[in-house]
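> Below you will find the structure I want to go over with you.
Values quoted throughout were computed directly from the atomic coordinates according to the rules given, and no laboratory measurement underlies them. The model shown is predicted, which means the values in this text are computed figures rather than measured ones. Virtual Cβ from ideal backbone geometry, glycine too; neighbours counted across all protein chains shown.
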Amino acid sequence: MKKLFATAVLLAASVPALAHPGHAELGFAEGVLHPLTGIDHLLALLAAGIWSVRQQRAEGLNLRARRQSLALPAVFLAMMGAGAAAGMAGLHIPGLESGIALTVMLTGALVAAAVKLPAWTGAALLGSFAVLHGNAHGLELPHAASAAGYLGMSALLLGAGRAIGTLPLARLAGGAIAAAGLGMLALA
């Protein structure tokens, strides 16, 4: 657990990179690094993972709750891919940076407040958040190799968030993420 916590702290200390235009020629390695170097994406992915596992814990450890909890990261990745495809096609969502900051704040708040939502509502909410993050990725790294890299790393970060979500201090982590999102929103 100490190693996991240390890893999470190091990831959270990554260099902020809210917007990085000009990456048209970058490939898989840059895609892998992208979610790690953008604090907005990093925190959103960790919070989504934490919240998804906390949904299972709120519901109990029955099989249905486990499946629904595992579906949330899958929905996040799928919708992130859809947003990325739209970005690669040149669609730019208006207010993207503010929207991304808002998703960080709201996802952190969901964790901090231990909000329990019905499965479909939670999936729709996280999915809409993921479209924004995916759109930013698609605009910044518009190649299939880059997309494979950031979707793969995003899956790992969602998994890390799920591991953090099992820790006693998960709600505190959510509060810190929400506060960081509020700061990002103020700067956007």
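> Taking the stretch 164-174, which residues are crowded, with 18+ Cβ neighbours inside 10 Å and either part of a helix (DSSP H, G or I) or of a type in the set (D, E) (or both)?
Residues of the stretch 164-174 crowded, with 18+ Cβ neighbours inside 10 Å: 164-165, 170, 173-174.
Result: I164, A170, A173, G174.
> Go through the stretch 103-117 and count every residue that is in a helix (DSSP H, G or I) and of a type in the set (G, A, S).
Adding up the residues that qualify gives 3.
> Select from the stretch 132-156 the residues that are crowded, with 22+ Cβ neighbours inside 10 Å, assigned to a helix (DSSP H, G or I) and of a type in the set (A, V, I, L, M) and list them in ascending order. Before you say what the answer is, go through the steps one by one.
So the first thing to find is which residues in the stretch 132-156 are crowded, with 22+ Cβ neighbours inside 10 Å, and the list is 132-141, 146-147, 149-150, 154.
Of the ones still in play, those that are also assigned to a helix (DSSP H, G or I) are 132-140, 146-147, 149-150, 154.
L132, A136, L139, A147, listed by residue number.
Let's see how each residue does on (1) more than 24 Å from A180 (Cα to Cα); (2) β-branched (V, I, T):
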site: G27; (1), (2): yes, no
site: T37; (1), (2): no, yes
site: D40; (1), (2): no, no
site: W51; (1), (2): no, no
site: Q55; (1), (2): no, no
site: L77; (1), (2): no, no
site: G87; (1), (2): yes, no
site: V104; (1), (2): no, yes
